[in-house]
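The values are calculated or read from the model by the stated rules, or taken from the named source; none is laboratory data. All of these numbers come straight from a predicted model, not from anything done at the bench. Virtual Cβ from ideal backbone geometry, glycine too; neighbours counted across all protein chains shown.
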């Protein structure tokens with residue numbers, strides 16, 4: 001399998017926002033313009049996360065998703081505020097390839113099976129938001145609420161629920177470009193055969209290699225592409241020259 | 001040329017339509033059919049797929065599309081199945097035991113077996129290699145990468161229906177099939193960037209009998 005480099009766009013519904021540790025959101029651009037640029041650069045895949053959707057009690061803007069699918073020829077996944085099978089259907093109809101479910105998957109695992117039953121067992125990405133690099137505390141609602149779940153049961157059980165992929169987010173590392181939480185990637189990887197997307201803190205091609213060597217199949221990158229001159233192509237080329245299997249572009 | 005995209009209510013239409021529109025001519029008529037009675041002698045039928053085999057067949061059946069698709073294929077319309085749409089062309093799938101497929105390309109869909117360094121579902125980009133000197137879909141003979149999202153893969157009964165394969169661990173799986181006027185792609189041409197655009201153009205040329 002070729003390693004996927006997934007630029008990740010955090011939005012408040014209209015604009016791109018930048019957060020740190022799942023907090024202090026500030027506006028940094030127009031979500032569609034950013035997506036279009038990544039599309040023109042032929043990135044492997046895009047991830048659009050609406051960090052304010054749950055507060056607004058809505059899913060990510062359907063208009064925005066339609067604009068994405070009408071203008072991009074690459075896959076994109078969306079997340080934020082998806083609580084029902086109806087919400088999921090709207091996302092798929094608007095052209096999303098996969099949907100990310102966080103809080104709802106933890107509070108109501110049946111929702112995931114229900115979505116998988118109709119849309120297949122490749123359609124749902126479950127997001128696990130780890131609070132800090134020490135310990136295995138999971139939080140939901142943009143890091144605001146701790147949940148008590150037994151990860152040794154929950155993670156191996158995801159495949160039977162029909163989950164297609166696991167997004168490992170690190171609240172502590174998010175937006176900091178301080179390196180990914182490799183221990184969490186190793187930990188989750190040891191408990192599942194599902195593909196893993198490592199997210200939070202990635203700052204270089206070396207970080208991507210480390211995440212892949214720890215068991216990730218893909219990396220989600222936000223701040224690095226948003227605030228430095230590093231492009232997805234730079235990371236791609238770095239991986240290529242160091243012997244990693246990446247897409248031919 | 002009349003192009004009909006089948007709407008199953010659960011599948012992803014906007015990307016498919018966008019990718020087709022890029023290569024249509026002003027004389028082409030592109031329509032969406034969510035029921036059998038909306039299909040009017042198409043030259044090309046596109047069956048995009050998403051979801052479970054049983055859900056796909058149930059939607060085709062409820063919408064009166066099964067006899068219509070079969071009828072137009074016999075009359076010579078070209079048919080393209082994408083992702084689940086390719087698997088629906090076959091006879092059955094391990095995903096939904098006891099459910100019959102369209103039976104247009106003999107074969108069944110089977111779940112990936114775990115392989116070293118591979119994960120299930122198969123999500124991401126893989127190289128597609130044509131297995132015969134294919135004049136119609138030349139993009140499949142250029143070892144280009146295409147985007148996949150699936151856990152089941154189609155195994156055609158007849159080797160002659162094999163169009164392209166892709167690697168998975170130490171083995172290969174079938175990534176494209178073709179039987180006369182019917183073909184199927186396991187990957188998503190509409191999501192496969194520039195490689196996908198090449199193929200979509202070739203599909204339209206094929207439907208116009210121009211390649």
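Looking at region B:190-211 only, could you name the residues that are part of a helix (DSSP H, G or I), within 14 Å of chain A (Cβ to nearest Cβ) and in contact with a strand residue (DSSP E or B) (Cβ under 7 Å, 6 or more places away or on another chain)? Those that are part of a helix (DSSP H, G or I), within 14 Å of chain A (Cβ to nearest Cβ) and in contact with a strand residue (DSSP E or B) (Cβ under 7 Å, 6 or more places away or on another chain): B:191, B:195, B:196.
All told, residue A:171 falls short of being under 16 Å from the mean Cα position of the chain (by Cα) and within 14 Å of chain B (Cβ to nearest Cβ). Scanning region B:80-98 for residues that are crowded, with 16+ Cβ neighbours inside 10 Å and more than 30 Å from residue B:207 (Cα to Cα), we see that the one that is farthest from the other protein chains (Cβ to nearest Cβ) is B:96. Contact map, region A:115-135: residues that are more than 8 Å from every other protein chain (Cβ to nearest Cβ) and farther than 18 Å from residue A:157 by Cα paired with residues that are in a loop (DSSP other than H, G, I, E, B) and modelled with pLDDT of 90 or more, Cβ distance under 6 Å, separation 6+ or inter-chain. Pairs shown: A:133/A:181.
Annotation note: of A:208, A:219, the sole residue that is buried (at least 21 other Cβ atoms within 10 Å of the Cβ), within 14 Å of another protein chain (Cβ to nearest Cβ) and modelled with pLDDT of 95 or more is A:219. Being touching a helix residue (DSSP H, G or I) at 6+ places or on another chain (Cβ under 8 Å), within 14 Å of chain B (Cβ to nearest Cβ), surrounded by fewer than 20 Cβ atoms within 10 Å (Cβ to Cβ) and more than 15 Å from residue A:225 (Cα to Cα) is a property that does not hold for residue A:97.
Restricting to region A:15-60, give me the number of residues that are crowded, with 20+ Cβ neighbours inside 10 Å, more than 14 Å from chain B (Cβ to nearest Cβ), assigned to a strand (DSSP E or B) and touching a helix residue (DSSP H, G or I) at 6+ places or on another chain (Cβ under 8 Å). Counting residues in region A:15-60 that are crowded, with 20+ Cβ neighbours inside 10 Å, more than 14 Å from chain B (Cβ to nearest Cβ), assigned to a strand (DSSP E or B) and touching a helix residue (DSSP H, G or I) at 6+ places or on another chain (Cβ under 8 Å) gives 2. Checking each residue in region B:109-153 for being away from chain A (no Cβ under 14 Å) and surrounded by 19 or more Cβ atoms within 10 Å (Cβ to Cβ) picks out B:130, B:137, B:140. Every condition in (1) surrounded by 24 or more Cβ atoms within 10 Å (Cβ to Cβ); (2) farther than 20 Å from residue A:115 by Cβ is met by residue B:50 except one, and the failing one is (2).
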